Amino acid sequence: MKGWILVATLLYFAQQASAQDPFEIHIYEYEPLSRGSYSLEAHLNSIVQGTTSPEGSLLPTRHQAHLTLEPTIGLSETFSVGFMFLNAWQPGYPPQFAGWRILPHLYAPDSWHLPVRIGFVSEFSFQNTRYEENPRRLELRPIIDREFSQWQVVFNPVFERALHGPGTRHGWNVEPAMLLRWNRKSFSPSLEYYGEIESINVRPRAQPEAHQLFVGGDWKAGPVFSINVGAGFDLGHRGPGLVLKTRLEWDWRAPGNH
């Protein structure tokens, strides 16, 4: 019961980061699924501080709540496909379906005996312009994952751009993200870094940056169920201030698939 009270509290107080996707704040790890294995994630976020009036096609963001459901199914030992179903609610408006995404996952097999575990996730996004001014977007996310006896380090050098909408003029953005986790039996503390550098290939290049650090961890609540929580803080003068995030994950893997 205490865990669900914590989740509800985080949902109420979370707020949007300018360097973050408000529907998902997550560093991708090396997590291949064997054929027939599947997982489900639920991302809960709410914007306490935000805009109070519409901006173009966008609804005001203050007190806007988001629920993202992300099922993923393994098609082979190295390939899986995920989908995101984005839902949003703004006070004064009915709950709305905010869009969907498809995410192919590729992983280098362990049999290659690489010094680090390598993966790659691409994301094709189709969103309602009430919640994202660019209705189509592409994200390329390499995964570099190294696990030690008690520590895990993950790096996502993400490249993202709008395919349709006003953001297309900015070209490619780079959004580096890194995770440092202390692996423990029940609760594993972690630090997560998220950054954003805009327009790396369009003049004026390398426009204002945003950086955030999240302190939190993962709670193993059962054999297939875990909860990730985190509190985010700005590094520098850009950003929205305090951000709290929650991710619920159910992971049904075939025996022997880790």
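The values are calculated or read from the model by the stated rules, or taken from the named source; none is laboratory data. Computed from a predicted structure; not experimentally measured. Note that we place each Cβ from the backbone using ideal geometry, even for glycine, and neighbour counts take in every protein chain shown. Ligands, DNA and RNA are excluded from the accessible area calculation, which covers all protein heavy atoms including side chains. Shrake-Rupley method; radii C 1.70, N 1.55, O 1.52, S 1.80 Å.
Considering each residue of the range 41-56, count those that are surrounded by 17 or more Cβ atoms within 10 Å (Cβ to Cβ), at pLDDT below 95 and part of a strand (DSSP E or B), and give that number.
Residues in the range 41-56 being surrounded by 17 or more Cβ atoms within 10 Å (Cβ to Cβ), at pLDDT below 95 and part of a strand (DSSP E or B): 5 in total.
May I ask you to verify whether R35 is modelled with pLDDT under 95, within 26 Å of V154 (Cα to Cα), over 14 Å from the mean Cα position of the chain (by Cα) and not in a strand (DSSP E or B)?
yes
Which of the residues that make up the range 176-188 are surrounded by fewer than 17 Cβ atoms within 10 Å (Cβ to Cβ) and either in a strand (DSSP E or B) or touching a Gly at 6+ places or on another chain (Cβ under 6 Å) (or both)?
Going through the range 176-188, the residues surrounded by fewer than 17 Cβ atoms within 10 Å (Cβ to Cβ) turn out to be 176, 180, 182-187.
Scanning the range 176-188 gives P176, L180, W182, F187.
Hey, among the residues in the range 84-101 that are open to solvent by less than 70 Å² (accessible area, probe 1.4 Å) and within 16 Å of L40 (Cβ to Cβ), which one's nearest to the chain's Cα centre (by Cα)? Don't jump to the end; show me each part of the working.
Of the residues in the range 84-101, the ones open to solvent by less than 70 Å² (accessible area, probe 1.4 Å) are 84, 86-88, 90-91, 96, 98-99, 101.
Checking the rest, the ones that are also within 16 Å of L40 (Cβ to Cβ) come to 84, 86-87, 101.
Working: M84: 11, L86: 12, N87: 15, R101: 12 Å.
The selected residue is M84.
Looking at the range 144-175, which of the residues that are touching a Pro at 6+ places or on another chain (Cβ under 7 Å) and surrounded by fewer than 16 Cβ atoms within 10 Å (Cβ to Cβ) is nearest to F120 (Cα to Cα)?
Filtering first and then ranking leaves P157.
For residues in the range 63-75 being open to solvent by less than 40 Å² (accessible area, probe 1.4 Å) and out of contact with any Leu (no Cβ under 6 Å at 6 or more places or on another chain), which is farthest from S34 (Cα to Cα)?
Residues of the range 63-75 that are open to solvent by less than 40 Å² (accessible area, probe 1.4 Å), as a first pass: 64-66, 68, 70, 72, 74.
Add one more test, that the residue is out of contact with any Leu (no Cβ under 6 Å at 6 or more places or on another chain), and what stays is 64-66, 70, 72.
Numbers: Q64: 37, A65: 34, H66: 30, E70: 17, T72: 11 Å.
The selected residue is Q64.
So which residues in the range 212-230 are open to solvent by less than 30 Å² (accessible area, probe 1.4 Å) and assigned to a loop (DSSP other than H, G, I, E, B), if there are any at all?
Once the filter is applied, which keeps residues that are open to solvent by less than 30 Å² (accessible area, probe 1.4 Å) and assigned to a loop (DSSP other than H, G, I, E, B), the range 212-230 yields only G222.
Return yes or no: is R253 of a type in the set (K, R), modelled with pLDDT of 95 or more and within 24 Å of G119 (Cβ to Cβ)? Walk me through how you get there before you give the answer.
Details: of a type in the set (K, R): yes; modelled with pLDDT of 95 or more: no; within 24 Å of G119 (Cβ to Cβ): yes.
Taking the combined requirement at face value, the residue does not satisfy it.
May I ask you to list pairs of residues, at least six apart or on different chains, whose Cβ atoms are under 6 Å apart, with the first in the range 132-152 being polar (S, T, N, Q) and the second being modelled with pLDDT of 95 or more and surrounded by 15 or more Cβ atoms within 10 Å (Cβ to Cβ)?
Q152/R181
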